[in-house]
Amino acid sequence: MWQRMDHWDRELMMRLQRLPAPTLWRPTARWVSLSGDGAGYLLFALLLAELGGARGQQFLLAGLAAYALELPTYWLLKNTLKRARPCHNMGGVVAVVDPHDKFSLPSGHTAAAFLFATLLAWYWPPLMPLAYGWATLVGVSRVLLGVHYPGDIVAGASLGLWAAHMGLYWIH
């Protein structure tokens, strides 16, 4: 089963790497990926806690609880599974950004984005389509930039969803 999944991951990775007009989509993918970097989450959550009343404060607390679960789980998985990044493991795949480390599974950017999107959707339901759309684009951008396989994105999204729901459970 794992070999079939790895084969599918590699095939899809190569197809995405051959998308036409990379000079058009790569800058957008870089920007979207950058929007999923870590520091922005805390700043945005603090702003929501300040301006969003009790709901914003609960959002912050749920986020702190969720990230307290997500980050060590992500680190443990990444350093136990030790799946090499496609840019280090596949000919023809070039990293457009410098990866933070040498392992790819799960995608930390995607986990954090889906965690954040889930909390936004919980506390502000009208934001759900926008939040999950953005989180999905963060994940896709990491594949297009050559630093993650599609399966890493699925694993990262699953981790983020799980951690967000656990954070919400602890707060409520």
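The values are calculated or read from the model by the stated rules, or taken from the named source; none is laboratory data. Quantities reported herein were computed from a predicted structural model and do not represent experimental measurements. Here the Cβ is made from the backbone with ideal geometry for all residues, glycine too, and neighbour counts use every protein chain on show. Accessible surface areas use protein heavy atoms only, side chains included; no ligands, DNA or RNA. Shrake-Rupley method; radii C 1.70, N 1.55, O 1.52, S 1.80 Å.
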Next item on the list: Treat each spin label as a single point 7 Å out from the Cα along the C-beta direction, and report the Lys102 to Arg4 distance in nm.
Entry: 3.2
Note to self: Give the separation of the Cα centroids, region 106-144 to region 14-35, in Å.
What the structure shows: 18
Notebook entry, point to check: How much accessible area does Met14 have with a 1.4 Å probe, in Å² rounded to the nearest 10?
Noted result: 40
Next item on the list: Would you tell me the accessible area of Met1, worked out with a 1.4 angstrom probe on the heavy atoms of the protein chains, in Å² to the nearest 10?
Entry: 150
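Taking all protein chains in place and a 1.4 Å probe, what share, in percent, of the accessible surface of region 96-172 do carbon and sulfur account for?
Numbers: 2290 of 3070 Å².
Ligands and nucleic acids excluded, carbon and sulfur reach 74 percent.
Whenever you get a sec, line up Lys78, Lys102 from highest to lowest accessible area (probe 1.4 Å, protein heavy atoms).
On the way: Lys78 5, Lys102 130 Å².
So, going from the largest accessible area down, we get Lys102, Lys78.
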Notebook entry, point to check: Label points 7 Å out from Cα along the Cβ direction at Leu130 and Leu24: separation in nm?
Noted result: 2.7
Margin query: List the residue ranges in the chain for DSSP H helices whose C-alpha atoms run 27 angstrom or more along the long axis and whose Kyte-Doolittle average is -0.5 or above.
Written below: 53-81, 150-171
Check: Once you put a point 7 Å from the Cα of Ala95 and another 7 Å from the Cα of Leu46, both along the Cβ direction, what distance in nm separates them?
Finding: 2.9
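Put Ser158, Ser104 in order of accessible area, largest first, 1.4 Å probe: what do you get?
Working: Ser158 65, Ser104 0 Å².
Result, largest first: Ser158, Ser104.
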